[in-house]
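Please treat every number below as a calculation from the coordinates, not as lab data. Not measured: the values here are computed from a predicted model. Using ideal geometry, Cβ is built from the backbone for each residue, glycine included, and neighbour counts are taken over all protein chains shown.
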């Protein structure tokens, strides 16, 4: 990349008044570091990624409402976690956390366990128990 | 309290943190040189491991490896600590600040509130430097930002104790012994050889062979997994290439800058020429990203799009195979 080819497009970084550093050659053929405000193809990719993640959240929400899964699944997706990550935060085996996704098992969870989930998701225990979406 | 510490922005967090720490100790080194000496350029495809619901692809070795290799090759001694108790982790950090030691931390990205939403994922190997504390807020030099930020004690504890894959467990480090004058000749040659051997490794998932495997997988994804899944896998491929502090083109531009610096240092015109070639290869990786992003823009989901992407990646693998064979002979 040449210095004058370093893209300066709109991006999430630019909205955040930030930028990123790239390496490109100047007119003398010497590599220098150049700030870039963003690159359109990258922004497209990032938006696409968030779209897919939002779809997952929406699907989880529908599944919770139709009582297929417990609210834990919705909040897991909302926090961009997978089972392994959530299990690590819960300090439990993945197997047990997955079981908590069953509405029948979820209904029997102790207040302590629910509180731990609530803390991880940054919500109140009430929002878990009386899920409203 | 604010220590005398000069923050400088870098492309990649791991190199950026250590370059800033070393410069602060009076050892001048550039980011590309640190990256090159750590043999940072790499490619690996792990179809059996899922990251963010897509097969894992990485353009770099495991976190910490680049830094460790570089430190070893230069004879830099680094002290590292992990703590099972968050209170002790904070105590050690406060102690360091009192003793005038800017300290590197490994942290999780997800809870770093100063990043835009698009960048916040459960990636637990981000590097930052703490260089002071004012009114219970830690002063933070995040190498990928061009300004410094601050975090409260609670916020810092949260990111230091992020959980999941590669959980940092309060990981803290700082260089203790740095050589003042050092001849880089041997280190540069060894580092370049290592990169060439990695990229040409006779292992199907590593280096140029790994790229070919992904190129074939793109067609397979489309046939077996359908359009949505294929596009999502491609999104992750390009994100790894462009987003995670790579300096663009999957670290190729940083590496080209390293080759130029190495060429000047060793007075080796072949390396200078190869630096130019690597720059062109970096541009081609960017072209690949542009092509991949078109899949969404035009929503043209014919087999042809994936065929083109697959062929482009194959071409890149061929180019890089030839390149690293030449590079190996040049040092």
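Structure notes:
- Across peptide B:228-236, the mean count of Cβ atoms from other chains lying within 10 Å of each residue's own Cβ comes to 3.
- Relative packing of peptides B:82-91, B:37-46 - highest average C-beta neighbours within 10 Å first: B:37-46, B:82-91
- For the stretch A:49-128, the alpha-carbon radius of gyration amounts to 1.02 times the rule-of-thumb value 2.2 N^0.38 Å expected for a compact globular protein.
- Helix B:269-297 and the longest principal axis of the C-alpha atoms of chain B enclose an angle of approximately 70°.
- Using a Förster distance of 25 Å, the FRET efficiency for residue A:67-residue B:56 (Cβ separation, nearest 0.05): 0.15
- Relative contact order of chain B, pairs being alpha-carbon contacts under 8 Å that are 6 or more residues apart, as %: 21
- C-alpha center-to-center spacing [the stretch B:156-181, the stretch B:30-46] in angstrom: 19
- Computed packing ranks the peptides B:258-268, B:22-32 as B:258-268, B:22-32, most packed first, by mean other Cβ atoms within 10 Å.
- Of the peptides B:56-66, B:9-19, the ranking by mean beta-carbon count within 10 Å, highest at the top, reads B:9-19, B:56-66.
- Rounded, prolate or oblate (a/c below 1.5 giving rounded, otherwise prolate when a/b exceeds b/c) for the stretch B:31-177 by Cα gyration tensor: oblate
- Using a simple spin-label model with pseudo-atoms 7 Å out from Cα toward Cβ, residue B:276 and residue B:65 lie 3.2 nm apart.
- Each Cα pair under 8 Å and six or more residues apart adds its sequence gap; the mean of these over the residue count of the stretch A:49-128 is a relative contact order of 26 percent.
- In degrees, nearest ten, helix A:40-65 long axis to first principal axis of chain A (Cα): 10
- Where a label projected 7 Å from the Cα of residue B:193 along Cα→Cβ would reach, residues of the stretch B:58-82 with amide N under 19 Å: B:69-75
- Shielding by other protein chains, A:1-11, mean Cβ within 10 Å: 2
- Cβ-Cβ FRET estimate between residue B:203 and residue A:99, R0 fixed at 41 Å, reported to 0.05: 0.60
- Taking the longest Cα principal axis of chain B as reference, the axis of helix B:252-266 is set at about 70 degrees.
- Mean residue ellipticity, 222 nm, helices only, chain A: the sum of -39500 (n - 2.57) across DSSP H runs of n ≥ 4, divided by residue count and rounded to 500, is -15500 deg cm²/dmol.
- By the count of neighbouring beta-carbon atoms within 10 Å, fewest first, B:271, B:319 end up ordered B:319, B:271.
- Partner shielding of A:84-96 amounts to 3, given as the average count of beta-carbon atoms from other chains within 10 Å of each residue beta-carbon.
- Coordinate range of the alpha-carbon atoms in the stretch A:1-72 per principal axis, descending: 65, 20, 17 Å.
- Entry note, the stretch B:64-169: relative contact order of 24 percent, from Cα contacts under 8 Å with a spacing of 6+ residues.
- Expected-Rg normalisation [2.2 N^0.38 Å, Cα atoms] applied to the protein assembly as shown: 1.01
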